[in-house]
Amino acid sequence: MFKIGVMASGGGSNFKAIIDRIGEGDLEAQCKFLIVNNGGCGAAAHAEEYGIPVHHISGKTHPDQAEYESALLSVLDKYNVDLLILAGYMKALPQSMLRRMPNRILNIHPSLLPKFGGKGFWGIHVHEAVVAAHETESGATVHLVGEQIDGGRILAQVKVPVLPDDTPGVLQARVLEQEHNLYWKAISDYAKELSL
Ligand code: GRF
């Protein structure tokens, strides 16, 4: 049984999907904490419902950069997790965190990377760009987090069709549904690769 910690900023549907798979016994892991940068987000509400400790750490709670980084690192120290899972975490991680967990931080991105990744490609903007480019397929990617935004090793991808009448919002919902099937499996496979 390996240990994960999750970081999220938004609705938390990916976080919830992971926790549900743990609950169902499909993903043999324990979730030790959730870090949010927005205390009122949906992800925090899910964590409270499931009894998972929530740590709210942001530029607001810790305006001083050194204290902000040290608050994040102290959560990692406290729980000593095997993998850190970014599930819709909308802020770049500081170098100190990347250095603390090399090849142990995973992210999910709502496009077929390397397409539609990097600066500016987040949230609905990804799907707007895919629709504007008249792509016929899109999808989601689970990848390792390194110094380059959306640039780490790709661990898993899922494809979905882009239909002629799709709006960015319709496409986003189709991709998100598939993210929920993809992420837990990619975590499970990567944990096996690392013999966790
Ligand atoms: C997902 O589309 C994910 O790919 C991206 O942020 C979104 C998070 O959605 N990184 P949710 O908060 O898990 O519902």
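Structure data summary
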read-out	value
For the range 137-195, with +1 on Lys and Arg beta carbons and -1 on Asp and Glu, the positive-most of A140, V162, N181 along the dipole	N181
Mean shadow area of the range 73-178 over all directions, Cα convex hull, nm²	6.6
Enclosed volume per residue, in Å³, of the convex hull spanned by Cα atoms of the range 34-103	93
Selection of GluC sites (Glu not before Pro), the range 122-196, meeting DSSP coil and at most 11 other Cβ within 10 Å	E147
Mean-position separation - Cα centroids, the range 151-182 and the range 7-69, in angstrom	22
Exceeding the 23 Å Cα-Cα cut-off - candidates K32/K159; K16/K185; K16/K91	K32/K159
Assigned charges on the beta-carbon of Lys, Arg, Asp, Glu; the chain dipole about Cα centre (debye)	420
Length released on extending from D189 to I149, taking residue separation times 0.36 nm less the Cα-Cα span	12.1 nm
Surface/4 estimate of mean projected area, convex hull on alpha-carbon atoms of the chain, nm²	10.5
Within the range 87-182, chymotrypsin sites (Phe, Trp or Tyr not before Pro) in DSSP loop having at most 16 other beta-carbon neighbours inside 10 Å	W122
Amide N proximity, the range 24-47 versus T61 label position 7 Å along Cα-to-Cβ, cut-off under 16 Å	32-47
Average Cα contact separation per residue, the chain, under 8 Å, 6 or more apart, as relative contact order %	20
Distance (nanometres) between label positions extended 7 Å along Cα→Cβ at K115 and L163	1.9
Average accessible surface area per residue within the chain, 1.4 Å rolling probe, Å²	49
Interchain or long-range residues, amide H under 5 Å from M7's placed H	I35, I85, L86, A87
Convex hull projection area averaged over all views, the range 122-196, Cα basis, nm²	5.3
Vicinal HN-Hα couplings computed from phi for the range 146-161 (Karplus, 6.51 cos²θ - 1.76 cosθ + 1.60; Hz; Gly/Pro x)	x, 6, 8, 4, 6, x, x, 3, 7, 9, 6, 9, 10, 9, 9, x
Bins of 10 Å from zero: percent of alpha-carbon pairs in the range 1-79	19, 49, 27, 5, 0
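The values are calculated or read from the model by the stated rules, or taken from the named source; none is laboratory data. What you see is a predicted model; the values in this text were computed from it and never measured. When we count neighbours, we look across all protein chains shown, and the Cβ atoms used for this are built from the backbone with ideal geometry, even at glycine. SASA here: full protein model, heavy atoms, side chains in, ligands and nucleic acids out. Shrake-Rupley method; radii C 1.70, N 1.55, O 1.52, S 1.80 Å.
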